[in-house]
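Following: one structure in C-alpha cells, then a few remarks.
The values are calculated or read from the model by the stated rules, or taken from the named source; none is laboratory data. Everything quoted here is computed from the prediction, not taken from an experiment. Cβ: placed from backbone, ideal geometry, glycine included. Neighbour counts: every protein chain shown. All accessible areas refer to the heavy atoms of the entire protein, side chains included, with ligands and DNA or RNA removed. Shrake-Rupley method; radii C 1.70, N 1.55, O 1.52, S 1.80 Å.
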Amino acid sequence: MPIGVDEAGKGPALGSMFAAAVHVERETVLPDGITDSKQLTPARRDELATTLREDDRIGVGVAEITIAQIDDPETDMNSLSVLAHAEAIEAVACDAGLETPITGHCDACDTDADRFARRVADQCGLECTITAEHGADDDSPIVGAASIIAKVERDAHVESVSAAFPDCGPVGSGYPSDPNTRAFLESYVDAHGKLPSCARESWSTCEDVLAAAEQTGLGQF
C-alpha cells in the first residue's frame, strides 16, 4: 500500500507549515473515522492522531517548513510544499524501516497534480514512485490519515506560538481571513513597531499591517 502524504499550514500568515506521511501494510489497520482533517472536530483529530501514532503497525513521519524557509526570497511555497512532502516520505520510510523502491500518494499542492508528483519524486532522497491527486485527503483513507497528523502538528504549533505572545491577544488560526489573526498582528505591531517573530514577513497580510502602522506613525507628525 502506498504511503499517504498531506500538508497543513501552507496558507497562513503565521507559523510553520507541516507535512505528514503515513504508512500501513493494509488499509484495514487504520482506525475508523479517518477522513479529511477539515471535516473533523479538533477533539476527534487529536483522538485519531493519538491512535495512529500509538499503533506499532502504522508508520508516521512529519516534516516542518519553518518561517525562515518560507520567507527566503530564493524559494516559493510550491517548491517548499514539494520539499515538505519529500521530507515526510523520507521520515516515515525511516520510521517504518521501509525498503526501496517505495510508493507514495499525495494530496496535490499544485494545479497540475502530475507535475507535483514528479517534483516530489525528484526531491525525495529515496527511490520512489509518487502519484498525486486533488482532494486525495477526502478520497484516500491513507492520505486522510496523513492530513490528520499534519493538522494536529500544525494546531499544536499554533498553540505554542500563541503561548509565546500572551500580551497581544489570541493569534487565532494564523490565516489571513481570521479576524483574530489580523487583530493579533496589529496589536503586536502597535506595541513593538515591528512584526512578531512568528509572522511570515513576506506575506502580503503582514506587509500590509506593518505598512499601515508606519503610515499611522507618519500621520502623527
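The table for this structure:
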| read-out | value |
| --- | --- |
| Residue 177 being within 18 Å of residue 8 (Cβ to Cβ) and open to solvent by 20 Å² or more (accessible area, probe 1.4 Å) | yes |
| Neighbours by Cβ (under 9 Å, 6+ apart or cross-chain): first from the range 111-123, of a type in the set (Gly, Ala, Ser); second open to solvent by 80 Å² or more (accessible area, probe 1.4 Å) and in a loop (DSSP other than H, G, I, E, B) | 113/134 |
| All positions within the range 155-203 that are outside any loop (DSSP other than H, G, I, E, B), touching a residue at least 12 places away in the same chain (Cβ under 8 Å) and of a type outside the set (A, V, I, L, M) | 155, 157, 181, 182, 184, 186, 187, 188, 190 |
| Criterion violated by residue 139 - all others in (1) without any contact (Cβ under 8 Å) to a residue 24 or more places away in the chain; (2) farther than 22 Å from residue 19 by Cα satisfied | (2) |
| Residues located in the range 129-157, provided they are buried (at least 22 other Cβ atoms within 10 Å of the Cβ), out of contact with any Cys (no Cβ under 6 Å at 6 or more places or on another chain) and among the hydrophobic types (A, V, I, L, M, F, W, C) | 130, 136, 142, 143, 145, 146, 148, 149, 150, 152 |
| Unique residue being touching a Pro at 6+ places or on another chain (Cβ under 9 Å), within 26 Å of residue 78 (Cα to Cα), open to solvent by less than 10 Å² (accessible area, probe 1.4 Å) and modelled with pLDDT of 95 or more when the list is 52, 14, 48 | 14 |
| Given (1) of a type in the set (Val, Ile, Thr); (2) under 19 Å from the mean Cα position of the chain (by Cα); (3) modelled with pLDDT under 95, number of the condition residue 216 does not satisfy | (2) |
| Selection status of residue 15, of a type in the set (Gly, Ala, Ser) and under 22 Å from residue 133 (Cβ atoms) | no |
| Test: residue in the range 67-76 that is under 13 Å from residue 19 (Cα atoms) and in contact (Cβ under 8 Å) with a residue 12 or more places away in the chain | no |
| Test for residue 120: is it open to solvent by less than 20 Å² (accessible area, probe 1.4 Å) and farther than 28 Å from residue 159 by Cα | yes |
| Sole exception among (1) of a type in the set (S, T, N, Q); (2) open to solvent by 20 Å² or more (accessible area, probe 1.4 Å); (3) modelled with pLDDT of 95 or more for residue 100, by number | (3) |
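Results for (1) over 24 Å from residue 11 (Cβ atoms); (2) in contact with a strand residue (DSSP E or B) (Cβ under 6 Å, 6 or more places away or on another chain); (3) assigned to a helix (DSSP H, G or I), shown as yes or no for each residue.
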site: 91; (1), (2), (3): no, yes, yes
site: 94; (1), (2), (3): yes, no, yes
site: 118; (1), (2), (3): no, no, yes
site: 131; (1), (2), (3): no, yes, no
site: 142; (1), (2), (3): no, yes, yes
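Table: residues versus (1) assigned by the TED database to the domain that holds residue 203; (2) more than 18 Å from the chain's Cα centre (by Cα); (3) surrounded by fewer than 18 Cβ atoms within 10 Å (Cβ to Cβ); (4) under 15 Å from residue 200 (Cβ atoms).
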| residue | (1), (2), (3), (4) |
| --- | --- |
| 9 | no, no, no, yes |
| 20 | no, no, no, no |
| 28 | no, yes, yes, no |
| 37 | no, no, no, no |
| 41 | no, no, yes, no |
| 69 | no, no, yes, yes |
| 76 | no, no, yes, yes |
| 85 | no, no, no, no |
| 92 | no, no, no, no |
